[in-house]
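Rule-based calculations on the coordinates, nothing more; no lab input. Small disclaimer: the values here were computed from a predicted structure and weren't measured. Cβ: placed from backbone, ideal geometry, glycine included. Neighbour counts: every protein chain shown.
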Amino acid sequence: MKFATRLVDYDVSPKDPHRPMSTPIYQTATFEQEHADSFGEFDYSRSGNPTRKVLEDQLAALENGTRGFCFSSGMAAISAMTHLLQSGDEILADWDLYGGATRLFAKVLSRSGITIRYVDASTPEKLAEQITPATRILYVESPTNPLLRIIDLAAVANIAHQHGLLFCVDNSAMSPYLQNPLDLGADLVIHSATKFLSGHSDVTGGAIVVKDPALAEKIYFLQNAEGTALGPFDCFLVLRGLKTLKLRLDAQQRSAQTVAEFLSCHPQVSAVHYPGLPSHPLYAVHQRQARGAGAVLSFTVPSFEQAKHIAENTSLFRIAVSFGSVHSTISLPARMSHASTPAELKFSRAIPDSLIRLSLGIEDTDDLIEDLTRTLRLGSPDA
Ligand code: PLP
């Protein structure tokens, strides 16, 4: 079955005699048991809930994994991944990551004696040289956030497996519609379900999908032991959003491509980062490993003041952290989503103050271009 069909054609309520068209919200904390000495399929919602199970199974299917796990946020999912490690272990991560992930690694993980080292994973040959006996996990986003750099996922997966490491990919920017890291050799796929999966800025959620049953058991243990699972109503919202993932993302991606091409020719814009532009340094790698360039892009203008002016004067792009919603958003990552990046990392990575990130929504592309044309004119020093 094609992806659009798989998004809607699945068992939305297994074993349900009423055969509902949408998954019921099992808003219950506990389930009555038939016997005092054995449990049925569900007993307590922290451990398992029918609404959550439908979502987890659907995400596992869409990512070509065997099991999925939903968490209260993308950060809770990332945090669960780190709990596979113990004191003395190390994560080797690409340096361009969501700021909340770098904050977790720097300020929380360090307390458990787990170290994190940042490398440039876009050159896999150099990545291999950085692996030490303490390294346990290679961790990347592709495209990265907010510079839209591309990591060759199959190449990094090879390196990880040659060294007996787990390879974890945050696939939030692509969604399973555009990229399936497990097929390229990743061991864990993470999502902020807050982004494209739900798509409407109305829920915070996260997910991990894996293929290996032994790894799945470890993640399940953590989800249950730490009590970080997504609640039933939020699962319902993600399930509802997920059905239109392809429709939304097709429209969003079309606008992103048009906007990226428009910005590339604009005199106020010095660099456009978007893997749908053939000028992107790793365009060919992205074409090989993904089925589209997505709906997030970033670009730089000459100064922070201009970037701020542009962000504050668009009428259709709302200033907001996050991405992947039906509404177009604009942000200045250095001051917003990545403000929590530890200072030592910020210094070494090239996220200029004048970088603007756009997430394209489902508005009409002509309206978005018109809005940007007007705003960039206002942002010009000659205006
Ligand atoms: N991963 C990426 C790439 C993100 O951009 C974000 C949040 O913006 C997260 C993970 C964290 O997700 P959440 O905000 O759902 O905790």
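Some values worked out for this structure:
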{"read-out": "Filter result (away from the ligand (no atom under 16 Å from the Cβ) and touching a residue at least 60 places away in the same chain (Cβ under 8 Å)) within the stretch 57-79", "value": "58, 60, 62, 64, 65, 66, 67"}
{"read-out": "Long-range neighbours under 7 Å by Cβ, at least six apart or interchain, first residue touching a residue at least 12 places away in the same chain (Cβ under 8 Å) and over 15 Å from residue 261 (Cα atoms) within the stretch 347-376, second assigned to a loop (DSSP other than H, G, I, E, B) and acidic (Asp, Glu)", "value": "349/96"}
{"read-out": "Test for residue 12: is it in contact with a Ser or Thr (Cβ under 9 Å, 6 or more places away or on another chain) and not in a loop (DSSP other than H, G, I, E, B)", "value": "no"}
{"read-out": "Residue check, residue 91 within 16 Å of the ligand (Cβ to nearest atom), more than 19 Å from residue 204 (Cα to Cα), touching a residue at least 40 places away in the same chain (Cβ under 8 Å) and not acidic (Asp, Glu)", "value": "yes"}
